[in-house]
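Notes follow once the structure below has been shown.
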Amino acid sequence: MNKIAMYFICTVSIGALTGCGTNNSKQVSKKVATTKIDLLGNFKSESNGVYNLKGKTNPGAKVWYRYKVGSKTFKNSLLANKSGKFQIRVVNTSADQDTTNVEVDVKAKGLKQNYDVASIENHSSEFVSKRSKRYKLTSSDKAYLASSRVKASYDKKRNAAKQSSEEEGIEKQIDNDSKKSNSTKSSYKSRYKSVSLDDFIGNPERYEGKNIKTSGTVSYIQRESDNNTMDYVVLNNSDDSAATVTEIEVEDMHDNHITEGDNITVEGGGLTQTVKLHGKTLKSDIIVDSVIVN
């Protein structure tokens, strides 16, 4: 009897200890943190279609990326440096694909995997060239622009579009990040060819894709409800006989306090056939890099 009782007591004790062990395991379990990820930059490619996507994650984390250009998929992996920084070279020279969606996954040791997606605008010369075509501006178009709402079907992906001249080699494309350097180096301003507004309006194809500098009087300002980054500004010549549309960033409009009646000087890329009005494509417009009130 003593042996049986001893056996029973030991069995119960072991069971009790096992139960306690299980409860302790539940109490000490912790939630695993997630690997951090932060994608940085202006997300606009250079004229050669290249964009260096920079990011930051946990030090030494594994980074995978994947993006598609046309029917071809590009993917690879790398390690973040000891500061958690990494860089991915993305190339899109397609004349038809306006953005490159880059999927990025990160995983640090002991942490949960995380991901983000960067949408990079295609500003390659191939893409910009295909979107720039010739058109004609009439006096009735000009009158409507100056007195009524601009109904533009302008592609919002081209807000910062600029094209360098490959045929004549006149001006190099200026990085959009430098558009606010209005009072800096003379070498920056010398990249823009000074032309009269009359000359540009009369012969826009001559300046298509080239960096120009011109002046005129603001006759109308239109901000589209679905585009809070860019204003459409109608610029008239001295006798109000002709006009062109310019696209100026809202921030630049506010910084310079531009209103109707102001005489302004703009620097930017001359384009043709990018704005439609009443079903007709207008003859000229300018994507503005910098602006000042005279």
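A few remarks follow.
- Within the stretch 232-269, being of a type outside the set (Asp, Glu) and surrounded by fewer than 13 Cβ atoms within 10 Å (Cβ to Cβ) holds for Ser241, His254, His257, Thr259, Gly261.
- Residues in the stretch 252-274 that are in contact with an Asp or Glu (Cβ under 7 Å, 6 or more places away or on another chain) and either small (Gly, Ala, Ser) or closer than 22 Å to Lys193 by Cβ (or both) were compared, and the one that is modelled with the lowest pLDDT is Thr274.
The values are calculated or read from the model by the stated rules, or taken from the named source; none is laboratory data. Treat the numbers as computed from the prediction; the structure is a model and nothing was measured. Using ideal geometry, Cβ is built from the backbone for each residue, glycine included, and neighbour counts are taken over all protein chains shown.
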